[in-house]
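I have placed the structure first, in the form of structure tokens, so that the comments after it can refer back to it.
The values are calculated or read from the model by the stated rules, or taken from the named source; none is laboratory data. Please read all numbers here as calculations on a predicted model, not as lab measurements. Here the Cβ positions follow ideal geometry from the backbone for every residue, glycine too, while neighbour counts run over all protein chains shown. We work out accessible area using only protein heavy atoms, side chains counted, and drop any ligands, DNA or RNA first. Shrake-Rupley method; radii C 1.70, N 1.55, O 1.52, S 1.80 Å.
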Amino acid sequence: MSETQESAGTTSVATAQASLTVVDNRTGKSYEVPITDGTVRAMDLRQIKVDDEDFGLMTYDPAYTNTASCRSAITFIDGDKGILEYRGYPIEQLAEQATFLEVAYLLIFGELPNREQLDRWTHAITTHTFVHENVKSFVEGFRYDAHPMGMLQASVAALSTFYPEAKEIHDEQVRYEQIVRLIAKVPTLAAFAFRHAKGMPYVYPDNDLNYAENFLGMLFKIAELKYQADPRIAKALDVLLILHADHEQNCSTSAVRSVGSSQVDPYSAVAAGVGALYGPLHGGANQSVLEMLQRIGSVENVPGFIEGVKAGNERLMGFGHRVYKNFDPRAKIIKKAVDDVFEATGTTNPLLAVAQELEKIALEDEYFTKRKLYPNVDFYSGLIYEALGLPVEMFTVLFAIGRTPGWVAQWLEMVQDKEQKIARPRQIYTGDRTRDYVPIDQRG
Ligand code: CMC
């Protein structure tokens, strides 16, 4: 993709001369390992051996809590300071001033578009929102109560069968076309899943509407000739999509990169991301938060619920983050969007008071402060989605629509990165070795 521009990370300190001296106390030998960008290369440890037979030293890092898997110029996070930047632009400025498609362009191409580039990009996305009629037929094949994330994952994966050229991942033009299709068609697939559960006819995209309005139309249009979204609702949805657009090497993005590293087509890789996002510890948390708030029911029940969390009975969903240990900047912006949406819909939700009380008590409680647990992006987003009239099952689907540009930007960066190979971690084998097969009638 010719418009992609990768810039070197601006945050890393030049540490070319730095090195780490390691003494292996098993042998008394000493080794010098270079330090670059605050990291040592795990492969540099392989030379550390007890003897010639030894495989060499490995690192053990379940859940990759301290392992950088790539070099990336897309998203910067400082978890202690609560900073999130896409290509160097603070999330607060983008949420306030940019549109989702502009942000998608920024993530993918590396720079904000000028007017002409944005028009071309918007036109490309808008004119690729339709899906093949056969997609409708197989979405119809799902059971009436199928979870929309399962439907979305399957239908995104199925797109690879409609565009077999997508496997030409080294062809710049082909890559560009699939990226456009993914960003354009994911909302259509998501809306089909929603209408299927409702038993309502699927609504075709309307190319006169902007990205958020078109999605709302495909969800909610009934008999009116032209769907008109409340601009405040469409804006709030657009902001939510921006906030979810990328988050560096999170679980679903790592899944996209890992599956994509096999050089499979991007639909199959993004479908893996949808699967990872579905989990309750990741994007599925927004559904879990609302279910938790419904279970708590009212403000009086909050202290008892918090005691249960502290006793280890369950987690306070929507709290905590692997990277943010001070505050999640997305949560702050969402909190404001909650007010805007309630104003637009003219409704309030008693669960908002429950959420606010939970937040207040948790932020004063040593259990949470000691562990640096703060509200994350999912804590308030569910309340907005509910105010939009979406059932809880759709919440994570909204997250997936927002995250699609991030997934494809990270996939694109990965396939162009000469250092990347097929992802293939090592293991520490803990099982038995070399046993003779025992016929079944001789087993105890
Ligand atoms: N409620 C209560 N205790 C918690 C919570 C929570 N939400 N999160 C972490 N803890 C405790 C945990 O029990 C542990 O305590 P201890 O040290 O006594 O064993 C400590 O805090 C550290 O937890 P951890 O599981 O080692 O932390 P992690 O970095 O592996 O997990 C997390 C991060 C987001 C999975 C976790 O905080 C969590 O399960 N939160 C609830 C689910 C949630 O809201 N997920 C959405 C994340 S943001 C959107 C996204 O990126 O998908």
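Residues in segment 387-399 that are away from the ligand (no atom under 13 Å from the Cβ), open to solvent by less than 60 Å² (accessible area, probe 1.4 Å), in a helix (DSSP H, G or I) and in contact (Cβ under 8 Å) with a residue 60 or more places away in the chain: Val392, Met394, Val397.
Checking every residue in segment 201-208 against the condition of being modelled with pLDDT of 95 or more and surrounded by 18 or more Cβ atoms within 10 Å (Cβ to Cβ) gives at least one match. Exactly one residue out of Tyr31, Tyr60 is modelled with pLDDT of 95 or more and open to solvent by 70 Å² or more (accessible area, probe 1.4 Å): that is Tyr60. One residue stands out in segment 239-256 among those that are open to solvent by 20 Å² or more (accessible area, probe 1.4 Å) and not polar (S, T, N, Q): the one that is nearest to the ligand (Cβ to nearest atom), namely Cys251.
For every residue, the table says whether it meets (1) open to solvent by 80 Å² or more (accessible area, probe 1.4 Å); (2) not in a strand (DSSP E or B).
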residue	(1), (2)
Ser72	no, yes
Leu84	no, no
Ala95	no, yes
Ala104	no, yes
Pro113	no, yes
His128	no, yes
Phe138	no, yes
Arg143	yes, yes
Met149	no, yes
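Tell me which residues, restricted to segment 287-297, are more than 8 Å from the ligand (Cβ to nearest atom) and not hydrophobic (A, V, I, L, M, F, W, C). The answer is Gln287, Glu291, Gln294, Arg295, Gly297. Here is a check on your reading of the model: is Glu300 in contact (Cβ under 8 Å) with a residue 60 or more places away in the chain, open to solvent by 10 Å² or more (accessible area, probe 1.4 Å), outside any loop (DSSP other than H, G, I, E, B) and more than 12 Å from the ligand (Cβ to nearest atom)? Judged against the criteria, Glu300 is not a match. Just so you know, in segment 319-336 the residues that are among the β-branched types (Val, Ile, Thr) and out of contact with any strand residue (DSSP E or B) (no Cβ under 8 Å at 6 or more places or on another chain) include one that is farthest from the ligand (Cβ to nearest atom), and it is Ile333. Within segment 275-286, restricting attention to residues that are open to solvent by 50 Å² or more (accessible area, probe 1.4 Å) and near the ligand (Cβ under 7 Å from one of its atoms), the residue that is nearest to Ser254 (Cα to Cα) is Leu281. Restricting Ala362, Ala272 to those that are part of a helix (DSSP H, G or I), within 11 Å of the ligand (Cβ to nearest atom) and touching a Ser or Thr at 6+ places or on another chain (Cβ under 9 Å) reduces the list to Ala362.
Provide a single number: the residues in segment 365-375 that are open to solvent by 70 Å² or more (accessible area, probe 1.4 Å) and either in a helix (DSSP H, G or I) or more than 10 Å from the ligand (Cβ to nearest atom) (or both).
Total satisfying the criteria: 2.
Would you say Pro201 is without any contact (Cβ under 8 Å) to a residue 12 or more places away in the chain, outside any helix (DSSP H, G or I) and more than 25 Å from Leu412 (Cβ to Cβ)? Yes, satisfied.
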